[in-house]
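Okay, so here's the structure we're looking at.
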Amino acid sequence: MDRAAPRKRRRRWITFAAARRLARMRWREFRMMKKALATSPPVVRFSIVTVLVLLMALAVNWFYHAIKKPTELCVPATVTVP
């Protein structure tokens, strides 16, 4: 039995319409989460906002280090380089 070589998959490009649909769907989800957050008790609202702010600070810090000092991401801080 002679098998044919498997076909190579072509890379599908994301169309503008697909990107718009995705953005619209995510925007709806964002509005629903915002509405749920606005109707939640103040303690829950405060804790969720605090966690989101901390996550954003961590993300900004990581991006800063990835852009300004990329070698720190590859080498652990405890290893001394001769």
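Summarising the label geometry, the points placed 7 Å from Cα in the beta-carbon direction at GLU29 and LYS8 lie 3.3 nm from one another.
Sorted from longest to shortest, the spans of the Cα atoms of region 16-74 along the three principal axes equal 44, 40, 13 Å. Net charge of the neighbourhood of VAL60, taken over other residues with C-beta under 15 Å away and scored Lys/Arg +1, Asp/Glu -1, is +2.
Here each label is just a point 7 Å from Cα along the line to Cβ, and for TYR64 and ARG45 those points are 3.0 nm apart.
Throughout, read-outs are computed from the coordinates displayed, never taken from laboratory work. What you see is a predicted model, and the numbers here were worked out from it, not measured in a lab. All Cβ positions, glycine included, derive from the backbone under ideal geometry; neighbour counts span all protein chains shown.
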